[in-house]
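Contents: one structure, followed by commentary.
The values are calculated or read from the model by the stated rules, or taken from the named source; none is laboratory data. All values reported here derive from a predicted model rather than from experimental measurement. Cβ placement follows ideal geometry from the backbone for every residue including glycine, while neighbour counts extend to all protein chains displayed.
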Amino acid sequence: MKITTLVLVFLAATVAAASVHFVKGPVLTDAGTTLVVSGKLAGLGVGDVTIAVAASGVASVECTNPGGNIAPGQDTAISAGGSITLPAAKNGTLTFSVATIEPSIPSSACPNDGWSADAVDVLFGSGTITVIQGGVVVLAYPF
């Protein structure tokens with residue numbers, strides 16, 4: 001009975017020791033108003049993999065008045081995110097690319113609420129890449 005318990009503890013420790021890591025990347029590409037993150041992961045187990053990206057930055061804003069005229073708006077702090085779920089990794093490795101969605105800018109970045117605001121560029125700062133497999137976070141990678 002004690003031998004079985006030790007074996008189970010050893011096996012559980014071995015499974016937990018598997019370490020998800022980047023073998024290529026991550027590569028962060030500023031695509032104007034979105035951030036594209038790509039790379040290759042290793043150390044994955046069995047099951048679909050979700051890769052989520054969360055990033056913060058400062059958006060350069062243009063405002064359009066009801067007459068269609070465009071004027072600069074107020075730079076605005078934003079949070080952007082995106083995710084992708086991919087089929088199970090082959091041999092524990094997976095290549096991915098995921099982009100954030102374009103940020104929504106509040107009309108408060110413009111002279112008045114009657115104007116519409118659009119991000120024309122984002123200077124991305126920090127963020128996190130989160131890898132989830134089997135409902136468990138297996139890697140949280142800050143950038």
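The set of residues in region 35-69 being surrounded by 19 or more Cβ atoms within 10 Å (Cβ to Cβ), under 30 Å from S116 (Cβ atoms), of a type in the set (V, I, T) and touching a residue at least 60 places away in the same chain (Cβ under 8 Å) consists of V37, V53.
I want to confirm something. Restricting to region 104-141 and keeping residues that are in contact with a Ser or Thr (Cβ under 7 Å, 6 or more places away or on another chain), in a loop (DSSP other than H, G, I, E, B) and modelled with pLDDT of 95 or more, which single residue is nearest to F22 (Cα to Cα)? Once the filter is applied, the top-ranked residue is I105.
Mind listing whichever residues of region 88-98 are part of a strand (DSSP E or B), touching a residue at least 12 places away in the same chain (Cβ under 8 Å) and surrounded by fewer than 17 Cβ atoms within 10 Å (Cβ to Cβ)? Before the answer, list the steps.
Of all residues in region 88-98, those part of a strand (DSSP E or B) come to 90, 93-98.
Now narrow it down to the ones that are touching a residue at least 12 places away in the same chain (Cβ under 8 Å): 93-98.
Hits for region 88-98 are T93, T95, S97.
The residues in region 102-143 that are under 19 Å from T29 (Cα atoms) and among the acidic types (D, E) can be counted, and the count is 2. Applying the criterion of being touching a residue at least 60 places away in the same chain (Cβ under 8 Å) and surrounded by fewer than 13 Cβ atoms within 10 Å (Cβ to Cβ) to the residues of region 102-129, the residue that is nearest to the chain's Cα centre (by Cα) is S126.
Hey, among V37, V46, V61, which residue is at pLDDT 95 or above, more than 17 Å from A140 (Cα to Cα) and either out of contact with any Asp or Glu (no Cβ under 6 Å at 6 or more places or on another chain) or not in a loop (DSSP other than H, G, I, E, B) (or both)?
Selected residue: V61, the only one of V37, V46, V61 that is at pLDDT 95 or above, more than 17 Å from A140 (Cα to Cα) and either out of contact with any Asp or Glu (no Cβ under 6 Å at 6 or more places or on another chain) or not in a loop (DSSP other than H, G, I, E, B) (or both).
Select from region 70-87 the residues that are hydrophobic (A, V, I, L, M, F, W, C) and under 19 Å from the mean Cα position of the chain (by Cα) and write down the one among them that is surrounded by the fewest Cβ atoms within 10 Å (Cβ to Cβ).
Looking at the filtered set, the residue picked out is A77.
For the subset of region 1-34 comprising residues that are at pLDDT 50 or above and either charged (D, E, K, R) or in contact with a Pro (Cβ under 8 Å, 6 or more places away or on another chain) (or both), which member is surrounded by the fewest Cβ atoms within 10 Å (Cβ to Cβ)? Checked region 1-34; the qualifying residue surrounded by the fewest Cβ atoms within 10 Å (Cβ to Cβ) is K24.
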